[in-house]
Amino acid sequence: MEKTFKDLGLSEATLRAVARLGYENPTPVQAEAIPLAMEGRDVVAAAKTGTGKTAAFVLPLIDRIKRSKNGNSPSILIITPTRELACQIESVCSALGRSTGHRVTTVIGGMSYAPQLKALKRGIDILIATPGRLKDLIDRRAVSVANIEALVLDEADFMFDMGFWPTVRDIIALTPASRQTLLFSATIDRNVAKTVDNILRNPAYVEVAHRGETADMVDQFIVPVAQMEKHDLLCSILESRGSERIIVFARTKSRTDRCAKQLCGAGYDAEAIHSGKSQAQRKRALENFTRGKTDILVATDVLARGIDVSGVDYIVNFDLPDCPEDYVHRIGRTGRAGKAGDAISFVSHESRDALRSIEKLVGMKIPAFKTVGFTPKEVVNISAKPRSSSKRRPNIGPSTRQGGQRRAW
Ligand code: AMP
């Protein structure tokens with residue numbers, strides 16, 4: 001029989017908060033992870049993107065862990081890789097915190113320090129943070145993590161990336177060993193978790209999705225295409241398949257900017273989002289897209305993980321990602337909350353190997369997309385060897401990214 005939220009051991013106050021969010025029944029990851037986390041156990045949870053992971057860790061912690069007694073020292077710490085994801089988690093925590101009285105604060109890079117310092121001074125129970133800014137504020141003694149009772153690493157496998165891990169590891173070292181630790185991601189498994197078993201105590205594993213398992217509601221396609229013809233192909237797909245609520249992923253900041261500019265030049269309503277933009281620009285671009293003011297958001301992988309924008313019709317991988325896990329996260333931006341979506345990936349000669357790694361991870365051969373009204377000038381045979389392998393861009397980082405240095409988004 002399907003479990004209800006009541007079956008998961010949550011208190012009446014939390015159940016009322018859940019009802020206010022409009023959730024009727026727990027999603028599978030919630031049904032499995034919440035009772036374990038309610039027991040105070042460490043949990044490593046792998047669940048597909050868009051399946052309710054945020055509430056799966058916020059609900060038990062907010063229910064179980066009381067408000068902090070120590071001024072600028074929170075009782076719950078949630079670390080997440082991107083600023084956008086932090087803001088999204090904040091909205092779930094704040095909605096729930098209204099019922100339980102927990103005070104929620106978010107500290108992220110790219111924003112001025114003053115409001116964050118002020119909020120920290122007022123007292124906090126739940127702190128949501130990106131690693132760099134948190135470490136900075138700890139070093140300035142503006143916040144302490146010495147009293148936290150629970151630590152969540154959201155998009156956990158990503159936190160073990162060499163770009164993040166030294167900072168995250170330093171922060172964890174300042175937290176009490178007695179804390180409860182929850183690791184959540186769509187792309188984490190026992191092997192990845194084992195590499196950090198020193199931060200876990202006898203964890204319970206919740207595997208609603210295998211590593212690399214993609215959202216059920218997303219149909220995946222590829223289109224072989226020469227680099228120089230990607231823009232024309234994109235315009236032809238937008239023309240035939242619709243040009244509203246589309247996310248286009250490109251590999252670098254400059255390619256993202258160029259792609260958005262070319263789309264605007266072709267008469268489409270597009271905006272770029274990447275780490276080279278100010279936080280205010282990033283926020284505005286995401287808000288414009290979320291509210292339907294912009295039709296097409298062109299993004300680097302800064303937007304690949306966790307971002308929950310409803311009704312994304314389809315996503316286009318203008319470039320395939322460097323790490324196959326990012327593919328799983330990217331395509332999880334569509335096909336959310338029970339709605340169908342498509343993911344169309346452009347595959348040039350140069351990205352033939354990247355496609356192979358992705359197909360290995362997702363465990364399927366991705367079928368070709370039938371393009372309408374696009375006649376390529378150059379026929380690309382992706383089963384053939386790349387023409388100039390010596391000039392090929394190296395794939396950055398192994399699939400689990402241990403030892404790999406991430407490109408700046
Ligand atoms: P997440 O995976 O946390 O990004 O959540 C994806 C979407 O599912 C968000 O829009 C949530 O508000 C929604 N959601 C989470 N849990 C439930 C639930 N139990 N019932 C209905 N919607 C949910």
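The values are calculated or read from the model by the stated rules, or taken from the named source; none is laboratory data. Fair warning: this is a prediction, and the values are worked out from it, not measured in the lab. Using ideal geometry, Cβ is built from the backbone for each residue, glycine included, and neighbour counts are taken over all protein chains shown. All accessible areas refer to the heavy atoms of the entire protein, side chains included, with ligands and DNA or RNA removed. Shrake-Rupley method; radii C 1.70, N 1.55, O 1.52, S 1.80 Å.
For the reader, a short list of remarks on this structure follows.
For (1) within 11 Å of the ligand (Cβ to nearest atom); (2) buried (at least 22 other Cβ atoms within 10 Å of the Cβ), each residue gets a yes or a no:
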residue: Arg20; (1), (2): no, no
residue: Pro35; (1), (2): no, no
residue: Ala46; (1), (2): no, yes
residue: Lys53; (1), (2): yes, yes
residue: Leu61; (1), (2): no, yes
residue: Ala86; (1), (2): no, yes
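- Residue within region 170-181 that is closer than 21 Å to Thr130 by Cβ, open to solvent by 30 Å² or more (accessible area, probe 1.4 Å) and part of a loop (DSSP other than H, G, I, E, B) present: yes
- Each residue in region 341-360 was checked for being open to solvent by less than 30 Å² (accessible area, probe 1.4 Å), part of a helix (DSSP H, G or I) and touching a residue at least 40 places away in the same chain (Cβ under 8 Å), and 3 of them qualify.
- Options Leu127, Leu134, Leu151; residue that is under 17 Å from Thr80 (Cα atoms), surrounded by 17 or more Cβ atoms within 10 Å (Cβ to Cβ), touching a Lys or Arg at 6+ places or on another chain (Cβ under 8 Å) and assigned by TED's automatic domain parsing to the domain that holds Asp189: Leu151
- Cβ-Cβ under 7 Å pairs, at least 6 apart or on other chains, region 15-27 side among the small types (Gly, Ala, Ser), far side more than 6 Å from the ligand (Cβ to nearest atom): Ala17/Leu96; Ala17/Ser99; Ala17/Thr100
- Meets criteria (in contact with a Leu (Cβ under 7 Å, 6 or more places away or on another chain), open to solvent by 50 Å² or more (accessible area, probe 1.4 Å) and assigned by TED's automatic domain parsing to the domain that holds Ile62) for Ala146: yes
- Residue satisfying condition, being under 22 Å from Thr14 (Cβ atoms), of a type in the set (S, T, N, Q) and either outside the structural domain of Pro166 (by TED's automatic domain parsing) or surrounded by fewer than 17 Cβ atoms within 10 Å (Cβ to Cβ) (or both), within set Ser91, Ser75, Ser68: Ser91
- Scanning region 267-312 for residues that are within 16 Å of the ligand (Cβ to nearest atom), in a loop (DSSP other than H, G, I, E, B) and in contact (Cβ under 8 Å) with a residue 24 or more places away in the chain yields a total of 9.
- Odd one out for Asp139 among (1) surrounded by 22 or more Cβ atoms within 10 Å (Cβ to Cβ); (2) assigned by TED's automatic domain parsing to the domain that holds Arg64: (1)
- Only one entry in Ala37, Ala45, Ala56 is touching a residue at least 60 places away in the same chain (Cβ under 8 Å) and part of a strand (DSSP E or B), namely Ala45.
- Meets criteria (at pLDDT below 95, within 30 Å of Leu151 (Cα to Cα) and surrounded by fewer than 21 Cβ atoms within 10 Å (Cβ to Cβ)) for Arg241: no
- Test: Ala384 is in a loop (DSSP other than H, G, I, E, B), within 16 Å of the ligand (Cβ to nearest atom) and modelled with pLDDT under 90: no
- Cβ pairs under 7 Å, 6+ apart, first in region 59-78 and over 20 Å from Ala119 (Cα atoms), second surrounded by fewer than 24 Cβ atoms within 10 Å (Cβ to Cβ) and among the charged types (D, E, K, R): Ile65/Glu149
- Scan region 1-34 for residues that are small (Gly, Ala, Ser) and in a loop (DSSP other than H, G, I, E, B) and the total you get is 3.
- Ile138 in contact (Cβ under 8 Å) with a residue 24 or more places away in the chain, in a helix (DSSP H, G or I) and more than 16 Å from the ligand (Cβ to nearest atom): yes
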